[in-house]
1. In this structure, does residue 146 turn out to be at pLDDT below 75 and either over 17 Å from residue 41 (Cβ atoms) or crowded, with 16+ Cβ neighbours inside 10 Å (or both)?
2. For the range 67-83, enumerate the residues that are buried (at least 16 other Cβ atoms within 10 Å of the Cβ) and of a type outside the set (S, T, N, Q).
3. Condition (residue is surrounded by fewer than 17 Cβ atoms within 10 Å (Cβ to Cβ), of a type outside the set (Phe, Trp, Tyr), modelled with pLDDT of 85 or more and assigned to a loop (DSSP other than H, G, I, E, B)) applied to the range 104-115: is it met by at least one residue?
4. Within the range 50-66, which residues are loosely packed, with under 11 Cβ neighbours inside 10 Å and more than 19 Å from the chain's Cα centre (by Cα)?
5. Tell me, yes or no, whether the range 74-85 has at least one residue that is touching a residue at least 12 places away in the same chain (Cβ under 8 Å), among the small types (Gly, Ala, Ser) and under 16 Å from residue 118 (Cβ atoms).
6. List every residue pair whose Cβ atoms lie under 9 Å apart, where the two residues are 6 or more positions apart in sequence or sit on different chains, the first residue falls within the range 33-50 and is closer than 20 Å to residue 74 by Cα, and the second residue, located anywhere, is assigned to a helix (DSSP H, G or I) and modelled with pLDDT of 75 or more.
Amino acid sequence: MTRKQKRLAVIAGGMSFIIVAVFLVMFAFSQSVAYFFMPGDLATANLQPGTRIRLGGLVEAGSVKRGQGSMVSFVVTDGNATVPVSYTGLLPDLFREGQGVVTEGSFDAATHAFVADSVLAKHDENYMPKEVADRLKKDGVWEDGTGNGMAPARAGTQDPAKPEAKDPNGQVVGSTTR
């Protein structure tokens, strides 16, 4: 083998190694993709049972029910549609009704209910995944500056015995309805 042939063999071997590595990385990413949906999107989506998705929206008021052990069921809504969710495990400390939530899991073929294997809740009064916040704002379900965190603006939820705290611009800065 000449020097030129050895150099070409090394270059070809290196290129084939890089191509195999890129394909393995692409395959790994394609296996871990979970598409994001809002409850209203699921009516038009053609999902096969067992397909992993992320479901985001607000936890519907009065829907959280605790079962045996760490089994919890609740309803996720975007104001237009609702999806019942069941979850077995510990919920985040900030999980509560009327708050933003993103669940990851799949639909059970037998019950057609969403079975979540992870639940993510907001970490402060200003956080919600951008896709969820944008969709809720677009649908008119969530408004900025309501003083109710991520909860949609609801008429008549203020306790008259507890006045609202407002900043100098008149915006509600804290919630007294919890």
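1. Details: at pLDDT below 75: yes; either over 17 Å from residue 41 (Cβ atoms) or crowded, with 16+ Cβ neighbours inside 10 Å (or both): yes.
Yes, satisfied.
2. If the condition is that a residue be buried (at least 16 other Cβ atoms within 10 Å of the Cβ) and of a type outside the set (S, T, N, Q), then 72, 74, 75, 76, 78, 79, 83 are the ones that fit.
3. no
4. The initial filter retains those residues of the range 50-66 that are loosely packed, with under 11 Cβ neighbours inside 10 Å, namely 50, 62.
62 - this is the single residue of the range 50-66 that is loosely packed, with under 11 Cβ neighbours inside 10 Å and more than 19 Å from the chain's Cα centre (by Cα).
5. Within the range 74-85, the first condition is being touching a residue at least 12 places away in the same chain (Cβ under 8 Å), and the residues that meet it are 74-85.
Adding the requirement that they be among the small types (Gly, Ala, Ser) leaves 79, 81.
Still in the list and also under 16 Å from residue 118 (Cβ atoms): none.
Within the range 74-85, none of the residues are touching a residue at least 12 places away in the same chain (Cβ under 8 Å), among the small types (Gly, Ala, Ser) and under 16 Å from residue 118 (Cβ atoms).
6. 36/131; 38/131; 38/135; 38/136; 40/135; 41/135
The values are calculated or read from the model by the stated rules, or taken from the named source; none is laboratory data. Worth saying up front: this structure is predicted, and the values here are computed from it rather than measured. Here Cβ is always computed from backbone atoms with ideal geometry, including for glycine, and neighbour counts include all displayed protein chains.
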